[in-house]
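Written below as structure tokens is the structure these notes are about.
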Amino acid sequence: MTLKRLFYVRFWKMDLHPTCTFSLKANFDKTNPRGVHVGAESYVAFDAVIFAHDMTRGLRTDTYIGKRCFIGARSIIMPGVTIHDGSIVGAGSVVTRDVPSGVIVAGGK
């Protein structure tokens, strides 16, 4: 896990806090890796996808996951979304808008 985080941070230049954890099967955007930001003590579960680009609109933006967040398995976080501190994204959710602090979202938001 530590080696993979180091690879993402040093090679891909992603902004992953040293205390965040993620599944080895989590998918971070490698088309715009500098747009991926994950805060302290957050967890990204298996098969979750964090996007920071949209090729159809020619968009490259920043996607933020705050401190102490949980991103459920097989969730999709769309580009430009901010998930604020302490929020939980349920498994299989598609997040298209910002999520306020301390909120639980599931399904499509």
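Quick note: the coordinates plus some simple rules give every number you see, no bench work behind them. All of these numbers come straight from a predicted model, not from anything done at the bench. Every residue, glycine among them, receives a Cβ derived from its backbone with ideal geometry; neighbour counts consider all protein chains shown.
Just how large is the dipole of the chain about the Cα centre, in debye to the nearest 20, putting +1 at every Lys and Arg Cβ and -1 at every Asp and Glu Cβ? Working shown, then result.
Working: 14 positive and 8 negative charges, 54 e Å.
Charge dipole of the chain: 260 debye, to the nearest 20.
Prolate is the label for region 1-64, because the ratio a/c of its alpha-carbon gyration tensor axes (a ≥ b ≥ c) is 1.5 or higher and a/b is greater than b/c.
Which order do the peptides 61-67, 1-7, 47-53 take when ranked by the mean count of other beta-carbon atoms within 10 Å per residue, highest first?
47-53, 61-67, 1-7
A cut-off under 14 angstrom between Cβ atoms defines the neighbours of Leu16, and their net charge, with Lys, Arg +1 and Asp, Glu -1, is +3.
For the chain: lysine pairs with Cα atoms under 18 Å, gap of 8 or more or different chains, count? Walk me through the intermediate numbers first.
On the way: Lys4/Lys13; Lys4/Lys25; Lys4/Lys30; Lys13/Lys30.
Pairs that pass both the separation and distance tests number 4.
Return the label of the correct value of semi-axes √(5λ) of the Cα gyration tensor in Å, as calculated from the structure shown, out of [x] 21, 18, 14; [y] 19, 17, 12; [z] 29, 15, 13. Derived directly from the coordinates: [y].
Can you work out the PRE-style zone for Thr19? Point 7 Å along Cα to Cβ, and I want the residues of region 67-88 with backbone N under 18 Å. Flagged as within label range: 67-71, 84-88.
Taking amide H as placed 1.01 Å from N in the peptide plane, the amide H of Phe22 sits under 5 Å from that of Val44, each at least 5 places away or on another chain.
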